[in-house]
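Worksheet: the structure to be examined is printed underneath.
Rule-based calculations on the coordinates, nothing more; no lab input. Only a predicted model underlies this, so the values are computations on that prediction, with no experimental measurement involved. Neighbour counts are summed over all protein chains in view; Cβ atoms, including those assigned to glycine, are modelled from backbone coordinates with ideal geometry.
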Amino acid sequence: MTIAIEHSLKFVTEFDENHPTAKQFLALSELDQIQLLESVLHKFIVPALEPALDKVNEHGTYAILKVVK
């Protein structure tokens, strides 16, 4: 039997509110902002983390660390 425990690691993205692209982003709804940022994190950060997760989990006998979308 496997039990999953979800962690609460958070990321923060800081925007220069004077930059034209940032202005476009900040004009989106908060829900759209969050969905877009999470999508980008998942697309670009998770692949970079996978080798580190593999190393952490290499000798895992009682717990395995995974990324959840």
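Here are some notes:
- Dipole magnitude (debye, nearest 20) for the chain, charges at Cβ of Lys, Arg, Asp, Glu: 200 debye
- Sum of -39500 (n - 2.57) over DSSP H runs of 4+, divided by residues of the chain (222 nm, nearest 500): -17000 deg cm²/dmol
- Checking every one of the chymotrypsin sites (Phe, Trp or Tyr not before Pro) in the chain against DSSP loop status and a limit of 11 other Cβ atoms within 10 Å picks out PHE11, TYR62.
- Lysine pairs meeting the criterion (Cα under 21 Å, 8 or more apart or interchain), as found in the chain: 8
- Given the alternatives [x] 63; [y] 46; [z] 52, percent of Cα pairs over 16 Å apart as computed for this entry is given by [x].
- Distance (nanometres) between label positions extended 7 Å along Cα→Cβ at LYS55 and HIS7: 1.5 nm
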